[in-house]
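The structure under discussion appears below in the form of structure tokens.
The values are calculated or read from the model by the stated rules, or taken from the named source; none is laboratory data. A quick note: this is a predicted structure, and the numbers were derived from the prediction, not measured. Backbone-built Cβ (ideal geometry, glycine too); neighbour counts: all protein chains shown. Heads up: the accessible areas ignore ligands, DNA and RNA and are worked out on the full protein's heavy atoms, side chains in. Shrake-Rupley method; radii C 1.70, N 1.55, O 1.52, S 1.80 Å.
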Amino acid sequence: MPRSNTARSVYMARVRRAFLLRVHPDRFRSPTIRSQQARLVQALSNRMSQSDFTAWQQQQESVTPAFDDNTKYPFVLEKRDGSYFRTELQMNASVDVILSTILHGLKQVGASLPEPPKGHFKRTRTRSSTLGETAESQSYNNHPTSVHPKGRSLSDFLSHLQPDEIQGRRNSRIDAQAAALAVRRLYRFQAVDATSLGWSSAWVATLFRRLIDLHQSQQFKVNSFYPIRLVFSNAAAKVSILQRPDHALDVYGGVLRLSPAGTSVQWLETLNSVTSGRIEEIQYHQSQMLAYSKTIHSVVGIKVKKGHSCSNFEYFSFLERLSHHLLPSETDVSLSTTLQVSTSFPLSKTPLVMMIESSAMCRRPIVTAEGQLRLGAAMNVTITGLDGTHFNSETTAGRT
């Protein structure tokens with residue numbers, strides 16, 4: 001990214017986020033390092049709220065901050081090989097010195113960031129503005145605010161806006177992201193997701209910290225949960241209460257669902273339901289679905305995708321039935337080394353997209369306005385037009 005195209009405020013936000021994610025206490029297991037990193041994060045947050053940082057971002061004349069903390073805060077950054085890079089940060093230093101220290105540490109651990117944008121400082125706008133700007137400002141300020149309905153006035157909203165609230169929410173978001181990275185690293189999940197809950201970042205961070213504490217006090221049946229994706233869902237509460245804990249694991253989609261309202265004991269039962277055998281079962285289903293998709297695309301030239309309403313089991317079953325229908329002599333498509341591309345099903349000159357939805361949501365096949373095929377997962381493959389019936393792009397376009 002060119003320097004001239006990077007605003008200072010945007011650049012500062014990127015550097016701050018990248019640095020705090022790497023020095024966050026939740027990334028480290030040693031109590032000494034966690035305490036050391038927590039002091040650094042708090043001191044740096046206070047330092048960046050000073051007037052000289054604000055002036056630097058707005059490209060105004062530099063001012064001397066009233067910051068008397070001359071303490072040197074040591075901290076560590078974890079490199080890609082697992083070793084630590086140790087350095088310290090002087091809080092009463094200038095903005096350039098603090099940024100240089102942060103950038104040096106990020107580069108040592110392999111982070112790639114653009115150079116700080118260069119530019120001339122500009123003075124804060126005073127009353128000696130141009131006539132047009134002054135007139136425009138007076139015209140806006142003299143506009144009566146009574147015409148704005150309550151709750152829709154921008155000036156009223158900004159007048160009651162607390163800067164601490166904005167900064168607090170930014171910090172909470174960084175805390176949640178750092179806690180999610182720590183959970184994924186400790187358990188070795190492929191991904192961690194709690195967005196469906198609609199919770200605030202502060203509560204999501206608390207939720208992830210419970211998992212971090214659980215990992216430090218318990219032993220599990222597997223050392224790595226990869227390639228499982230952890231998803232927090234309110235719907236998982238029924239699974240953990242009414243059914244067995246192992247039903248929370250979807251072996252076809254590789255998804256492990258936890259209830260945010262569950263206790264640590266319930267979480268532990270669900271996590272212990274994951275064994276090496278079930279992970280092998282997930283890997284087998286994923287490899288089979290990939291092979292089935294390649295078979296369908298190679299034979300009929302159609303890309304198959306799973307719709308939002310279709311479950312992973314329904315999607316796997318449909319791919320399996322359709323693949324075996326197209327290649328009935330193949331017992332296991334994952335073992336086939338070569339695929340003969342058939343020319344008896346020229347549906348279109350360009351690859352079509354077939355969206356598979358739940359059988360309850362889609363009872364008959366349709367062609368959408370986007371030119372995609374949509375059909376139910378329980379549909380008989382002999383009536384989808386793939387049993388030898390000749391379609392072409394003109395026929396498909398005519399039906400649309």
Using the Karplus curve 6.51 cos²θ - 1.76 cosθ + 1.60 with θ = phi - 60°, work out ³J(HN,Hα) for each residue of segment 180-186 in order, rounded to whole Hz, and write x for Gly and Pro.
5, 5, 5, 5, 5, 6, 5
Rounded to 0.05, the calculated FRET efficiency for the beta carbons of Arg188 and His325 at R₀ = 41 Å is 0.60
So for each of 356-368, 176-188 I average, over its residues, the number of other beta carbons within 10 Å; can you give me the resulting order with the highest mean first?
176-188, 356-368
Put a dot 7 Å past each Cα toward the Cβ at Leu158 and Thr195; how far apart are the dots in nm?
3.0
What list of ³J(HN,Hα) values in whole Hz, one per residue of segment 35-51 in order, does the Karplus curve 6.51 cos²θ - 1.76 cosθ + 1.60 (θ = phi - 60°) give from phi, with Gly and Pro shown as x?
5, 5, 5, 5, 5, 5, 4, 5, 5, 5, 5, 5, 5, 6, 8, 6, 5
Ser317/Lys79 FRET efficiency (R0 51 Å; Cβ-Cβ; nearest 0.05)
0.65
Under the Karplus curve 6.51 cos²θ - 1.76 cosθ + 1.60, θ = phi - 60°, whole-Hz ³J(HN,Hα) for segment 298-315, x wherever Gly or Pro sits:
6, 7, 10, x, 10, 8, 9, 10, 8, x, 5, 7, 8, 7, 5, 5, 4, 5
Collect residues whose amide H, placed 1.01 Å from N in the peptide plane, falls under 5 Å from the amide H of Gln60; neighbours closer than 5 in sequence don't count.
Lys122
For segment 4-109: accessible area per residue (Å², 1.4 Å):
51
Protection proxy (average C-beta count within 10 Å per residue), highest first, orders 209-216, 15-22 as 15-22, 209-216
Could you pull out every residue, at least 5 positions away or on a different chain, whose amide H is within less than 5 Å of the one on Leu258? Hs are placed 1.01 Å off N in the peptide plane, and Pro or chain starts have none.
Val231, Phe232, Ser233
Pull up all non-local amide H partners of Leu352: gap of 5 or more, or a different chain, and H-to-H distance under 5 Å with H placed in the peptide plane.
Lys303
Calculate, for Thr263 and Thr350, the FRET efficiency according to 1/(1 + (r/R0)^6) with r their C-beta to C-beta distance and R0 45 Å; round to the nearest 0.05.
0.30
Segment Arg39-Asp69, extension gain: residue separation times 0.36 nm, minus the distance between their alpha carbons
9.5 nm
Please report, as a whole percent, how much of the solvent-accessible surface of segment 175-274 comes from carbon and sulfur atoms (probe radius 1.4 Å).
51
